[in-house]
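The values are calculated or read from the model by the stated rules, or taken from the named source; none is laboratory data. As the structure is a prediction and not an experimental result, all values here were calculated from the model. Don't worry about glycine lacking a Cβ; one is built from the backbone with ideal geometry, like all the others, and counts go over all protein chains shown.
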Amino acid sequence: MRSLSKAHFVRAVLGCLMAVAVLLGIQAQPQSATSATGIGQSQSVAGAQVELAGSAKMSISSYAKQKSYPFWNSSKAQAAWNADPLGYYKRSCVSYVGWRLLHSNHIKVKAGAATNWGSWARSHDYKIGSTPKKGSVAWWKHGHVAWVEKVSRDGRTAYLREYSWDRYYYFNTRTIKKGKSGWPSGGFILFPMK
């Protein structure tokens, strides 16, 4: 069994505490992002602005208009400790899917951890089905979400785009087939395309 260094242990504990804070809706205090990365000033983590490339700030409305995911090149350290305009950690599955829903579906989702997305969707009157649709969200009950980019005509194959599937903070595309491993345990959250 691999043992954790003190720094990794502290980071893991802080990450868990931050996730609990997001679940409870606690607003994080502004923090400095100048430590190890040397980038930028302070930011409002759970508020309406976030640091992006230097000291530029971005509102939720301008975040939704970005043509590509704006944090794809954030370092792992920035991703782990800095939130996007929706309050999700950059380059996480929920950050990427949250941005895609804002950008493509024009829906703001602040559902917290991926394990909560199904109950959040039901409480906001979104259906969860077993057949994917373009623009829907594949949801795994153990705690992962992915964007459905396209679907085969018979609905048995979905093409996904996601972050942090097999490696934290990394982008991934993959194809899943109904009845095979990898099909989402929670089904597909059927957000309407606008």
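Quick one: would you say Ala80 is in contact with a Leu (Cβ under 7 Å, 6 or more places away or on another chain), modelled with pLDDT of 60 or more and under 21 Å from Val145 (Cβ atoms)? Write out each step before concluding.
Values: in contact with a Leu (Cβ under 7 Å, 6 or more places away or on another chain): no; modelled with pLDDT of 60 or more: yes; under 21 Å from Val145 (Cβ atoms): yes.
Here the answer is no, as Ala80 does not meet what is asked.
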Which one is modelled with the highest pLDDT among residues in the range 43-77 that are touching a strand residue (DSSP E or B) at 6+ places or on another chain (Cβ under 7 Å) and surrounded by 18 or more Cβ atoms within 10 Å (Cβ to Cβ)? Pro70
Of the residues in the range 147-194 that are over 18 Å from Leu101 (Cα atoms) and of a type in the set (Lys, Arg), the one that is surrounded by the fewest Cβ atoms within 10 Å (Cβ to Cβ) is Arg153
Out of all the residues in the range 152-172, is one or more farther than 18 Å from Tyr63 by Cα and touching a Leu at 6+ places or on another chain (Cβ under 9 Å)? yes
Wholly inside the range 81-161, strands (runs of 3 or more DSSP E) that include 3 or more residues that are closer than 15 Å to Phe188 by Cα and in contact with a Pro (Cβ under 9 Å, 6 or more places away or on another chain) are 137-140, 144-151
Which of the residues spanning the range 162-185 are at pLDDT 95 or above, assigned to a loop (DSSP other than H, G, I, E, B) and among the hydrophobic types (A, V, I, L, M, F, W, C)? Trp183
Does the range 151-160 contain any residue that is under 25 Å from Pro70 (Cα atoms), under 18 Å from the mean Cα position of the chain (by Cα) and touching a residue at least 12 places away in the same chain (Cβ under 8 Å)? yes
